[in-house]
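What follows is a single structure, written as structure tokens, with notes after it.
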Amino acid sequence: MAEGGQVRRAEDLAEHDLARARIRQEHLLEVETGYRSGSRFWARADEPRPEFDPARTTLTERRLAKVRELRELGPQEAKQLGLEAISERTLRRMAAQHAERGLAGLADGRWTRGLSGHASVTPEVEEAIVAVHAESLHRSRMSMKSRERMIHQYVSECLVSCDLSGVHSDYLRDETRGCRR
């Protein structure tokens, strides 16, 4: 998951970044399985290469062999793939991210556009937040959960056509932060 925000997906990548992520995936699959495709059924003619043969090498040996191979790349090619500072630990992290998020897990976080500020809300939701804020000024201290319930109640009673399903409670908390005394 992106730090404190929305999960990045492969669809968020530009075409050239997606191609780089696929090349990273091939390298990772070769380490994990011995085959760049990830399966012996779709093996290339020269696979498995001796240093990546799962029948003769351990996973750690294959990772170390891949580190040596990638360090032998030219500096420009390594930089293009974002693998200029590769280590065995980096390959383990990449494998964990790939298992968790698929191809998007192999994309360098700098490849995707940064998430911008707050999520936008409709004018109806903003109206509900302002109304609950005004109401809470005349009450004793309220919890954020109570404010959230009041916002949902306001929307359901006064704004029948508005849907709050896409509005996260953290956003409501941030928007009503000024309501505390």
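For residues that are farther than 19 Å from Leu64 by Cα and touching a residue at least 24 places away in the same chain (Cβ under 8 Å), scanning just the stretch 89-106, find the one that is surrounded by the most Cβ atoms within 10 Å (Cβ to Cβ). The qualifying residue surrounded by the most Cβ atoms within 10 Å (Cβ to Cβ) is Ala104. The residues of the stretch 28-47 that are under 14 Å from Thr60 (Cα atoms) and without any contact (Cβ under 8 Å) to a residue 12 or more places away in the chain amount to a single one, Leu29. Go through the stretch 8-19 and give me each residue that's assigned to a helix (DSSP H, G or I) and open to solvent by less than 40 Å² (accessible area, probe 1.4 Å). If the condition is that a residue be assigned to a helix (DSSP H, G or I) and open to solvent by less than 40 Å² (accessible area, probe 1.4 Å), then Ala10, Asp17, Leu18 are the ones that fit.
For Arg22, the requirement of being open to solvent by 70 Å² or more (accessible area, probe 1.4 Å) and not aliphatic (A, V, I, L, M) is met. Residue-level check: of (1) without any contact (Cβ under 8 Å) to a residue 60 or more places away in the chain; (2) open to solvent by less than 40 Å² (accessible area, probe 1.4 Å); (3) closer than 23 Å to His16 by Cα; (4) assigned to a helix (DSSP H, G or I), Ile86 misses just (4).
Return the total of residues in the stretch 33-63 being surrounded by 20 or more Cβ atoms within 10 Å (Cβ to Cβ) and closer than 14 Å to Glu88 by Cα. Qualifying residue count, the stretch 33-63: 2.
The values are calculated or read from the model by the stated rules, or taken from the named source; none is laboratory data. For clarity, every value in this text was computed on a predicted model and none was experimentally measured. Neighbour counts run over all protein chains shown; Cβ positions are idealised from the backbone, glycine included. Calculation scope for accessible area: heavy atoms of the full protein, side chains included, ligands and nucleic acids excluded. Shrake-Rupley method; radii C 1.70, N 1.55, O 1.52, S 1.80 Å.
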